[in-house]
Amino acid sequence: MSAFLVCAILLILCFAYTFWPTGQLLVQRNKSQLEFLHERKDVVYDNLRDLNFEFRAGKYPEADYNAQRATLEDEAAELLRKIDILAAKDPAAAAALKTSAR
Amino acid sequence: MNPTPAATIDSVLGNFSLLLALVLAGYNLIFGAISLRLIATGARTRVHPVRVLETARRAGIACFLAVTVAAGCLVYASFTGDYTVSYILHHTNNALSGAYKFSALWSGQEGSLLLWAWLLAAYGFALRLAHKRDPLLTGYASTILSAIQVFFLLLLVFEAPPFAIQAGPVATDGFGLNPLLQYAEMVIHPPMLYLGYVGFSVPFAFALGALMMRYPGEKWIRVTRIWTMITWLFLTFGIALGMHWAYNVLGWGGYWGWDPVENASLLPWLSATAFLHSVMMQEKRGMMKSWNIWLIFITFFLSILGTLLTRSGVVSSVHAFAESSIGGWFTAFLVIAIGVCLFTYLLQRSHLYSEHKLESLASRESSFLFNNLLFLGACFAILWGTLFPVISEYVTGSKVTISTPWYDRVVLPIGLGLLFLMGIGPLLPWRSTSLQSVRRNLILPGLATLAVAISMMAFGMKPWADQSSFFSIVAFSVGAGCIVAIFTEFQRGVVVLHKQTGKNYFTSLILLARRNPRRYGGYLVHFGIVVLFIGIAGGAFNQEAEQTMNTGDSVNIGGYKVVYQNMTQDSNDNYQSDFALLDLYKNGKKIASLAPERRLYLATDQPSTIVANHSTLASDLYIIYAGKDSDGQPVIRILLHPLINWIWIGVLIVLLGTALAIVPEYKGALPKAAAKPEGSAA
């Protein structure tokens, strides 16, 4: 008898938890192209930061460093250009992104 | 024997909990999949699909509760000696200590499958609790995990029920636990290994989910990487515990016998290690996306294959359980999983375009590529060797087993190649490398490599003498180069931070590790691997002696003198023991008394060897009481294993490095060095 009682309690607990009414729904919107570009920009900045650190640590000769840095800066500039174009098209989304980043 | 009683509370509740868990996991799978589909298509429904997805997530959490109750019931049955449950009757007995009664949970087929299911539910619980970070991706991962959960629960409910009732009258004592499992490490080795095997389901679920939903950007890969590292940590620890157990318990003097079940644990480890390296290319440069997805898939398939090999009895092994019918279930599951992954990949592969191309063969990217090829090469070779007996039996009708020398010939060169890449890879810049950069970074490690190789040959080592000497000299010299490279990396970073912040070198070292824990944790892992290789290379200097001994007889080995004194016996409720009492001398001075032991377990009537080990950093003197000769005199086997403890030290460093690499990086500003007062000396 006690075994069946424990089983019943477990059943009620599990189903009550599963179907208990939810309050606010977590509706996730799709990531915008602007957010995606910001993510890419952050990665390129991280790469630049690592490159600078390794250069200061004496790992790369100056010529290699300058070449690598120029490539990464070009990549970052291209991303910033695309970000500016998209932000100009949708200033509200850009502002919202800035707020969430803060 | 007592008459047959009614089913006990633990078996009724255990069976019910498993059934309930199956219903909940099934709900999670079906309604999770439906709601995700509705969200993806944007279809309008009476009930918002996100609300349904939330109930699916909660069902997954409730499933964890139900499986926990089931696992608890089995442990309870073990502790209370409920021999109405067939599993408890066959894997425990009254005389077992508490720890071994607890470990009975994973000492048999049904229990270990229950542990799989419980660990999977626990990982799922953690994942589902953290859903707010990315609800949709977590929804996909949760649904995929629930599919795996359903498979294991189906097995537990229909094929290998842990709460099956033993027919006939109830026994008053059980048949006992396998003596090989009655060892302290065996209490934690299987759970650690399982945490590794099962854990790979989580990165798999995230990767497949991200591919299904065409997740924009690379953020999903960070989640996947962290889960992979946590799982890798457990698997590494589990494998190392298994090696240590084999070394101390199996009594053959080795720690790795290329046993199929050992190999099965190494396979997902190798592919996951390849992933942890190549994922950096995706995060840093948006490359290798398809490759990485497949590495994660393959790691999951290999962890399932490992479980199949261990559980089904397909291959003969000291670790494997008896042949059973669950092999068919696992094979079907594996085929379905591969089919789903292949289908999803073909459907979504356009999403996995590479953002950059390989620019030079001398670059960080290419070193990762070669490292991946070697890891996968090792993986394939070991898989081939493991499955060869099965394949040969299928093709020729006779089982051909591949032995240790084959593995040594194939895998050791690959290991040394990886060691070499480990030394030079981190020193190469991304994209391309100039000759000047190569000179600047590789001269010092190169010199260290040469210096060690020349010194070893000067001290009489001949790399051309035999394979073992060759591998040993290469491992020591390349290892020295790696250590110099790793320390140079730390030293350079510390000097930069010391100059920038004005902090002392130790504080700068801490700051360095906090600022980039992944990189410096990774270097620590590399250092641990070098130490481990040094321990393995010490095997080239092993010595061995075996002798029947009378009182006062002695054996000289590696500067030690082992003197046999006499025999003694002992017994308890669980086993009877014979000890050979030995004294150990070094430089004419007694340094220890050792007592290698042979046990006879009463419940199972099985013998077991307990090794006596005099362990130092320089070597292990490993003594086995091998039995008695026809005159009743003890046969003592003595092995000297130089540097073997560096293997375990290396593993500890690897674990420490991995733990460091998981820590989130410090993103705050660094303190600035105080400005020097005017007029002070430069």
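Note down the relative contact order for chain B as a percent, whole number, built from C-alpha pairs under 8 angstrom at least six residues apart.
Details: 1195 pairs, mean separation 69.3, N = 682.
Relative contact order here is 10 percent.
Leaving out ligands, DNA and RNA, calculate the buried accessible area for the pair B and A with a 1.4 Å probe, summed over both sides, in Å² to the nearest 100.
On the way: alone 30440 and 8780 Å², together 34670 Å².
The contact between A and B buries close to 4500 Å².
Restricting to Cα pairs below 8 Å that are 6+ residues apart, what does the relative contact order work out to for the stretch B:516-669? Please round to a whole percent. Show your work: numbers first, answer last.
Values: 343 pairs, mean separation 50.9, N = 154.
Taking the mean separation of contacting Cα pairs over the length of the stretch B:516-669, I get 33 percent.
For the stretch B:1-182, give the percent of accessible area contributed by carbon and sulfur heavy atoms, probe 1.4 Å, rounded to a whole number. It would help to have the intermediate numbers written out before the result.
Values: 4450 of 6780 Å².
That fraction is 66 percent.
In terms of the ratio Rg/(2.2 N^0.38 Å) built on C-alpha atoms, what value belongs to the protein assembly as shown? Can you show the working numbers first?
Values: Rg = 29.5 Å, N = 784, 2.2 N^0.38 = 27.7 Å.
Ratio of Rg to 2.2 N^0.38 Å for the protein assembly as shown: 1.07.
For chain B, what is the accessible area per residue in Å² when the probe is 1.4 Å?
Details: 28290 Å² over 682 residues.
Accessible surface, normalised per residue, equals 41 Å².
How large is the convex hull of the Cα atoms of chain A per residue, expressed in Å³ as a whole number?
On the way: hull volume 20.1 nm³, N = 102.
It is 197 Å³ per residue.
Quick one: which bits of the stretch B:207-248 get at least 30 Å² less accessible when the partner protein chains are in, versus the chain alone, with a 1.4 Å probe?
Going by heavy-atom accessible area, the residues of the stretch B:207-248 that drop by at least 30 Å² are B:P216, B:G217, B:K219.
Comparing the chain by itself with all protein chains present, which residues of the stretch B:398-429 are at least 20 Å² less accessible (probe 1.4 Å)?
Residues shielded by partner chains are B:P429.
Using a 1.4 angstrom probe with every protein chain in place, what is the largest-first accessible-area order of B:L154, B:L373?
Details: B:L154 55, B:L373 90 Å².
Descending accessible area places them as B:L373, B:L154.
What FRET efficiency do you get for B:I391 and B:Q467 if R0 is 25 Å and r is their Cβ-Cβ distance, rounded to the nearest 0.05?
Working: r = 26 Å, r/R0 = 1.06.
Efficiency at R0 = 25 Å is approximately 0.40.
Give me the distance in nm between label points sitting 7 Å out from Cα along the Cα-to-Cβ direction at A:F19 and B:K628, one decimal.
About 7.0 nm separates the two model spin labels.
Any chance you could check the Cα centroid distance between the stretch B:350-400 and the stretch B:495-543 for me, in angstrom?
Rounded to whole Å, the Cα centres lie 29 Å apart.
On the protein heavy atoms, probe 1.4 angstrom, tell me the percent of accessible surface of the stretch B:516-669 carried by carbon and sulfur. Before the final figure, lay out the partial values.
Working: 3590 of 6990 Å².
Using a 1.4 Å probe with all protein chains present, the stretch B:516-669 comes out at 51 percent carbon and sulfur.
Here are some pairs, A:K59/A:K82; B:K462/B:K590; B:K132/B:K667; which of them have Cα atoms lying more than 25 Å apart in this structure? Spell out each step's value before the answer.
Numbers: A:K59/A:K82 33 Å; B:K462/B:K590 35 Å; B:K132/B:K667 22 Å.
Listed pairs above 25 Å: A:K59/A:K82; B:K462/B:K590.
Under the rule that an exposed site lies in a DSSP loop and has at most 15 other Cβ atoms within 10 Å, name the longest stretch of chain B with no GluC sites (Glu not before Pro) of that kind, not counting the sites themselves. Let's see the in-between values first.
On the way: sites that count: B:E323, B:E355, B:E359, B:E665, B:E678.
That gives B:1-322 as the longest site-free run.
Pull up the cross-link candidates among the lysines for B:K586, meaning alpha carbon to alpha carbon under 18 Å and not fewer than 8 places away within one chain.
B:K561
Taking the Cα-to-Cβ direction at B:V563 and at B:T604 and moving 7 Å from each Cα, how far apart do the two end points lie in nm?
Once both label points are built, they end up 3.8 nm from each other.
What are the extents of the Cα atoms of the stretch B:184-428 along their three principal axes, listed from largest to smallest and rounded to whole Å?
Largest first, the stretch B:184-428 extends 51, 41, 40 Å along its Cα principal axes.
Do you know the Lys pair count in the stretch B:184-428 for C-alpha distances under 24 Å, with sequence separation 8 or more or different chains? Numbers along the way, then the final one.
Numbers: B:K219/B:K284; B:K219/B:K289; B:K219/B:K357; B:K284/B:K357; B:K289/B:K357.
Qualifying lysine pairs in the stretch B:184-428: 5.
Just want to confirm a number: the relative contact order over the stretch B:112-267, from Cα pairs under 8 angstrom separated by 6+ residues, in percent.
Details: 139 pairs, mean separation 41.5, N = 156.
Computed over the stretch B:112-267, the figure is 27 percent.
Over chain A, what percent of the accessible surface lies on carbon and sulfur atoms, probe 1.4 Å? Don't skip to the answer; put the middle values down first.
Numbers: 4000 of 6380 Å².
After summing per-atom areas, the C and S share lands at 63 percent.
If I model a spin label as a point 7 Å beyond the Cα along the Cα-Cβ vector, how far apart are those points for B:D570 and B:T507 in nm?
5.3
Between B:A592 and B:Q543, what length in nm is gained on full extension when 0.36 nm per residue of separation is reduced by their alpha carbon distance? Walk me through the intermediate numbers first.
Values: separation 49, 0.36 × 49 = 17.64 nm, distance 1.98 nm.
15.7 nm is the gain from fully extending B:A592 to B:Q543.
Threshold 30 Å², probe 1.4 Å: give the residues of the stretch A:62-85, in number order, that are less accessible with all protein chains present than with their chain alone.
A:D64, A:Q68, A:E75
Compute, for B:W648, the solvent-accessible surface of its heavy atoms (probe 1.4 Å) with the complete set of protein chains present, and express it in square angstrom to the nearest 10.
40
With the convex hull built on the Cα atoms of chain B, state its orientation-averaged projected area in nm². Before the final figure, lay out each step's value.
Values: hull surface 157.6 nm².
Mean shadow area of the hull around the Cα atoms is 39.4 nm².
The values are calculated or read from the model by the stated rules, or taken from the named source; none is laboratory data. The structure displayed is predicted, hence computed values, not measured ones. As a convention, Cβ positions derive from the backbone with ideal geometry for all residues, glycine included, and neighbour counts pool all protein chains shown. These accessible areas exclude ligands, DNA and RNA; they are computed on the full protein's heavy atoms, side chains included. Shrake-Rupley method; radii C 1.70, N 1.55, O 1.52, S 1.80 Å.
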